[in-house]
1. Is it fair to say Leu143 is surrounded by 16 or more Cβ atoms within 10 Å (Cβ to Cβ), more than 30 Å from Met16 (Cβ to Cβ) and in contact (Cβ under 8 Å) with a residue 60 or more places away in the chain?
2. Taking interchain pairs and intrachain pairs at least six residues apart, which have beta carbon atoms under 7 angstrom, with the first residue in region 72-84 and charged (D, E, K, R) and the second assigned to a strand (DSSP E or B)?
3. Looking at (1) surrounded by 11 or more Cβ atoms within 10 Å (Cβ to Cβ); (2) farther than 30 Å from Pro125 by Cβ; (3) at pLDDT below 90, can you tell me which one Glu28 breaks?
4. Working only within region 57-92, note down all residues that are part of a helix (DSSP H, G or I) and polar (S, T, N, Q).
5. Being within 26 Å of Asp142 (Cβ to Cβ), at pLDDT 85 or above and within 14 Å of the chain's Cα centre (by Cα) narrows it down to one residue among Leu51, Leu84; which is it?
6. Can you find a residue in region 117-128 that is closer than 30 Å to Leu15 by Cβ, at pLDDT 90 or above and either in contact with a Ser or Thr (Cβ under 9 Å, 6 or more places away or on another chain) or part of a loop (DSSP other than H, G, I, E, B) (or both)?
7. Quick test of your reading of the structure: Ala152 fulfils all but one of (1) surrounded by fewer than 16 Cβ atoms within 10 Å (Cβ to Cβ); (2) under 30 Å from Thr22 (Cα atoms); (3) modelled with pLDDT of 95 or more; (4) not hydroxyl-bearing (Ser, Thr, Tyr). Name the failing condition by number.
8. Do any residues in region 36-57 that are under 17 Å from Pro125 (Cβ atoms) have Cβ atoms under 6 Å from those of residues that are charged (D, E, K, R) and assigned to a helix (DSSP H, G or I), where the two are at least six apart or on different chains, and which pairs are they?
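The values are calculated or read from the model by the stated rules, or taken from the named source; none is laboratory data. Quick caveat: nothing in here was measured; it's all calculated off a predicted structure. Note that each Cβ is placed from the backbone with ideal geometry, even for glycine, and that neighbours are counted across all protein chains shown.
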Amino acid sequence: MHDVGWSVSPEDAYLMVRSLRTLATRLERHGRSGIEVAEWLRGQPEVLEVLHPALPGARGHQIWARDYSGACGLFGFVLRPAPLPAVHALLDALALFGLGFSWGGHESLAIHCDPQRQGGDYAGPLMRLHIGLEDPGDLIGDLRRGLDAFSALG
């Protein structure tokens, strides 16, 4: 690996190997909690579409069902059209979700994705969530607060 400039410290290698012991358990929890949150989002009036292939009827579900046996906690959802300050209010109201890009950590994260940059054609703002190991009921409550803030400005 040194030939291409890649290397890892002994401590990082140890931490990676140590985390592999619980990987299957953590991924199962991420997937189960992600589906629970995604199903809840489907029923919210502020949400036009949930982009989670493990949900029946979602884009790509037939391919997902054919090729996969589980899901992760990473998915997107499309909000009804609203001004950018409403999207920022949603994110600002979240207390349990961190803000940022990741899909391998244990904490839940949320971010607004600009559809023009992502190459998608969506009717409203596109949000991306990574559902971590927190209780899904607590995450749903946090998202409800965010959606209420979104509605107040949108």
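1. Spelling it out, Leu143 is indeed surrounded by 16 or more Cβ atoms within 10 Å (Cβ to Cβ), more than 30 Å from Met16 (Cβ to Cβ) and in contact (Cβ under 8 Å) with a residue 60 or more places away in the chain.
2. Arg80/Leu48
3. Result: Glu28 passes all but (3).
4. Gln62
5. Leu51
6. no
7. (2)
8. Val50/Arg42
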